[in-house]
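Visitor: Dropping the structure in here first, questions after.
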Amino acid sequence: LRDFLLVYNRMTELCFRHCVCNLNYRLLTGREESCLDSCAARLVRANHRLMGAYVGLVPALLQRRAAEHGA
């Protein structure tokens, strides 16, 4: 949960800094909303790709560690 919250907070901060230019209004402009949507979508897709690669590597790493400890 902690790792998820760290990723979420970093993503939120990165997209906010990139997309929100004017803090004079209470609501986001259409352009800011669109930018935030695409920024978040890109980061979520990247995170899914990284997690997919990690999940694919973990069994091999665990098997290698077990073989090293068994020898």
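Visitor: Given the rule -39500 (n - 2.57) for each run of at least 4 DSSP H residues, summed and divided by the residues of the chain, what is its mean residue ellipticity at 222 nm, to the nearest 500 deg cm²/dmol?
Guide: Per the formula, -30000 deg cm²/dmol.
Visitor: Of CYS21, ALA40, GLY56, whose Cα points farthest to the positive end of the dipole of the chain (charges on the beta-carbon: +1 Lys, Arg; -1 Asp, Glu; origin at the Cα centre)?
Guide: GLY56
Visitor: A further question on this structure: How much net charge surrounds CYS21 when only other residues with a Cβ under 13 Å from its Cβ are counted (Lys, Arg +1; Asp, Glu -1)?
Guide: 0
Visitor: On to the next question. Kindly sort LEU6, LEU36 by accessible area of their heavy atoms, largest first, with the probe set to 1.4 Å.
Guide: Order by accessible area, largest first: LEU6, LEU36.
Visitor: Among the chymotrypsin sites (Phe, Trp or Tyr not before Pro) in the chain, which ones are in a DSSP loop with at most 16 other Cβ atoms within 10 Å of the Cβ? Mind listing them?
Guide: Loop-located and lightly packed - TYR25.
Visitor: Dipole size in debye (nearest 20) for region 1-70 around its Cα centre, Lys and Arg Cβ +1, Asp and Glu Cβ -1?
Guide: Dipole about the Cα centre, nearest 20: 120 debye.
Visitor: Continuing with this model, one more query. I'd like the orientation of helix 2-19 relative to the chain: the angle between its Cα long axis and the longest Cα principal axis, in ° from 0 to 90, rounded to 10.
Guide: 30 degrees
Visitor: While we're looking at this one, here's another question. Output the 0 to 90 degree angle, nearest 10, between the alpha-carbon long axis of helix 30-70 and the longest principal axis computed from the alpha carbons of the chain.
Guide: That works out to roughly 10 degrees.
The values are calculated or read from the model by the stated rules, or taken from the named source; none is laboratory data. Given the structure is predicted, the values throughout are model-derived calculations rather than measurements. With ideal geometry, Cβ positions are generated from the backbone for all residues, glycine too; neighbour counts draw on all protein chains shown. Accessible surface areas use protein heavy atoms only, side chains included; no ligands, DNA or RNA. Shrake-Rupley method; radii C 1.70, N 1.55, O 1.52, S 1.80 Å.
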